[in-house]
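**Student:** Handing you this structure, nothing more for now.
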């Protein structure tokens, strides 16, 4: 797998984003999800995603946070930091998200679409003392579920079928179909006849359903 940028900058990038999120949330007192979207929708996020040394290494987390706010509001105003490094959930979220973005080359905006950042912060208690790859595995699992739910559910709705109608058409038990739509069961482990029936009813290839 190709990583988002040279690993040489990863340590700095993680520290920068961690401090950025911590400072914005706990010192500037901007709600975390609001600030995250301010960042994700800015050109600074694009540069971060590419490992631009000027952003990931050349700026402190505080400087990055202030630049994000300036781009959003036109105001660049420093205030003293209220907490030190590593003392908040938002700090950990930035540390973990920066690693995942580097590891997967997923954009910050796309990550939030698949796994809301409020859910990521809530993972702090379980994952903050674990190896970061446990976090990566969990995010990958949640993103697979999100993609599955989006594809199967939207394909059904686009064709105007109710869940009950699609269950009858395919011979798949209603509860099983609901699990597939919710992502709590994976179609890549389903009975082959279910996959073929579902692909026929939704007019797609079997590969579309298990990708």
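**Student:** Decide, for segment 143-210, between rounded, prolate and oblate: order the square roots of the alpha carbon gyration tensor eigenvalues as a ≥ b ≥ c, take rounded if a/c falls under 1.5, and otherwise choose prolate if a/b is larger than b/c, else oblate.
**Tutor:** Rounded, because the longest to shortest axis ratio a/c is under 1.5.
**Student:** Under the definition of Cα pairs under 8 Å and six or more residues apart, what whole-number percent is the relative contact order of segment 143-210?
**Tutor:** Once normalised by length, the contact order is 37 percent.
**Student:** Indicate the gyration tensor shape class of segment 7-129 (rounded, prolate or oblate), computed on the Cα atoms with a ≥ b ≥ c the square roots of the eigenvalues: a/c under 1.5 is rounded; otherwise a/b larger than b/c is prolate and the rest oblate.
**Tutor:** rounded
**Student:** Using only Cα atoms and rounding to the nearest 10 degrees, what angle (0 to 90) does helix 132-158 make with the longest principal axis of the chain?
**Tutor:** 50
**Student:** Any idea what angle helix 10-26 forms with the longest principal axis of the chain, computed on alpha-carbon atoms, 0 to 90 degrees, nearest 10?
**Tutor:** Roughly 80 degrees, rounded to the nearest 10.
**Student:** Where does helix 192-201 land angle-wise versus the long Cα axis of the chain, in degrees 0 to 90, nearest 10?
**Tutor:** Helix 192-201 and the main axis of the chain meet at about 90 degrees.
**Student:** Answer with a single label: of [x] 21.3; [y] 17.7; [z] 18.9, which was calculated as Kirkwood radius over Cα pairs in Å from the structure in view?
**Tutor:** [z]
**Student:** Here's another thing I want to ask about it. For n ≥ 4 DSSP H runs only, could you compute -39500 (n - 2.57) per run for the chain, divide by its residues and tell me the 222 nm figure to the nearest 500? Write down the numbers at each step before the final one.
**Tutor:** On the way: 14 runs with 141 residues, N = 211.
Per the formula, -19500 deg cm²/dmol.
**Student:** In addition: Within a 10 angstrom radius of the beta carbon, how do 99, 108 rank from fewest other beta carbons to most?
**Tutor:** 99, 108
**Student:** How high is the relative contact order of segment 1-103, in percent, with contacts defined as C-alpha pairs under 8 Å that are six or more residues apart?
**Tutor:** The normalised contact order for segment 1-103 reaches 48 percent.
**Student:** Give me the distance between the Cα centres of segment 1-58 and segment 91-117, rounded to whole Å.
**Tutor:** Measuring centre to centre over Cα atoms gives 10 Å.
**Student:** Using Cβ counts within 10 Å as a stand-in for footprinting exposure, how do 194, 100, 78, 91 rank, fewest first?
**Tutor:** The fewest-first ordering by Cβ neighbours comes to 78, 194, 100, 91.
**Student:** Normalised by the number of residues in the chain, what is the relative contact order in percent for Cα pairs under 8 Å and 6+ residues apart?
**Tutor:** 20
**Student:** Arrange 1, 37 by Cβ neighbour counts within 10 Å, fewest through most, would you?
**Tutor:** Fewest-to-most Cβ neighbours within 10 Å comes out as 1, 37.
Every number here is computed from the coordinates shown, using simple stated rules; none is lab data. Note that the structure is a prediction, hence the values are computed from the model and not measured. Glycine gets a Cβ as well: all are built from the backbone with ideal geometry, and neighbour counts include every protein chain shown.
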